[in-house]
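The values are calculated or read from the model by the stated rules, or taken from the named source; none is laboratory data. Note that this is a predicted model, so its numbers are computed, not measured. Note: ideal-geometry Cβ built from the backbone for every residue, glycine included; neighbour counts use all protein chains shown. Each accessible area value is taken on the protein alone, full model and side chains, heavy atoms only, with ligands, DNA and RNA left out. Shrake-Rupley method; radii C 1.70, N 1.55, O 1.52, S 1.80 Å.
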Amino acid sequence: MKPMLSIIIVGINGWEEYTRPLIANIWTHEPDANIVVVDNASSTPYPTADHIHRTDNKLGYAAALNFGIELAGDSDWYVVMNNDVKVNKSFTKRVEALDPSKIYGFKFWEKHPLLSFSAGFVSSWCMFISREVWKNAGKFDPEFTPMYFEDVDYCLRAKALGIELVELNREDWGIIHLYETNEINRIQFKEEHRDRIAELAEYLRAKHGIK
């Protein structure tokens, strides 16, 4: 029996450049997937559709993911994605082989480049979270706003519960992060939010008792 997938995509702007092509990619390869698009108060609203849900105010990435997963309802797996992702293959068959007691992603980091301490985690640009893990580990912490470290926090909480993190091969799965094309925006974001990022790093350290 095919697992029920809910794919949660969070987008702020970038409809034509990123979000619309990603939706088309997914529906080409995963026509049965439940897609939930969170239009996170984009300056130009996304088109009106049953699978597109606009927030009244701009949420942090963690809160936007929670919002999307709640809208998705009960699924076997929640696949959370940035909108600057490309899907080149069907992956349902591969999901059938995954262990629902683990968290999967396409990039494992021993240490976040913006943190001064080590904290192994899988990146939330694309993360596979089973219903079992979601019930055990809970929601993403909305305190991590506007973004950064929500995936580190989630993985630290999961590991404390004995949940294993697994890195998948993105070439085998056909899932690509278009990070390089968006790097200028990311650098600008880091500069604009430098003080807040430092605050979040300290919040993460204190929350997990990291010295």
* **the range 122-154: number of residues that are surrounded by 17 or more Cβ atoms within 10 Å (Cβ to Cβ) and within 17 Å of E202 (Cα to Cα)** => 12
* Asked: Is the range 54-63 home to any residue that is free of Cβ contacts under 8 Å to residues at least 24 places away in the same chain, over 16 Å from G174 (Cα atoms) and open to solvent by less than 50 Å² (accessible area, probe 1.4 Å)?
  -> yes
* **Filter result for the condition that a residue is modelled with pLDDT under 95 and either at positive phi or open to solvent by less than 10 Å² (accessible area, probe 1.4 Å) (or both), over D84, D39, D74** => D84
* **Selection count where residues are basic (K, R) and open to solvent by 70 Å² or more (accessible area, probe 1.4 Å), scope the range 155-172** => 2
* Can you tell me which residue within the range 151-191, out of those that are among the β-branched types (V, I, T) and assigned to a helix (DSSP H, G or I), is modelled with the highest pLDDT? => V152
* Structure fact -> Those strands (runs of 3 or more DSSP E) completely within the range 67-148 that have 3 or more residues that are under 14 Å from A33 (Cα atoms) and of a type outside the set (G, A, S) are 77-82
* Go through the range 88-99 residue by residue and tally those that are modelled with pLDDT of 95 or more and either aliphatic (A, V, I, L, M) or surrounded by 16 or more Cβ atoms within 10 Å (Cβ to Cβ) (or both). => 1
* Just one of (1) open to solvent by 60 Å² or more (accessible area, probe 1.4 Å); (2) in a helix (DSSP H, G or I) trips up T48, so point out which. => (2)
* To do: Would you mind telling me which numbered condition in (1) within 19 Å of G60 (Cα to Cα); (2) free of Cβ contacts under 8 Å to residues at least 40 places away in the same chain; (3) basic (K, R) K135 fails?
  => (1)
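Every residue, every condition in (1) more than 23 Å from E70 (Cβ to Cβ); (2) outside any strand (DSSP E or B); (3) in contact (Cβ under 8 Å) with a residue 60 or more places away in the chain, yes or no:
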| site | (1), (2), (3) |
| --- | --- |
| S6 | no, no, yes |
| E16 | yes, yes, no |
| R20 | yes, yes, no |
| N25 | yes, yes, yes |
| S43 | yes, yes, no |
* Scanning for something surrounded by fewer than 16 Cβ atoms within 10 Å (Cβ to Cβ) and among the basic types (K, R), does the range 18-25 turn up at least one residue? -> no
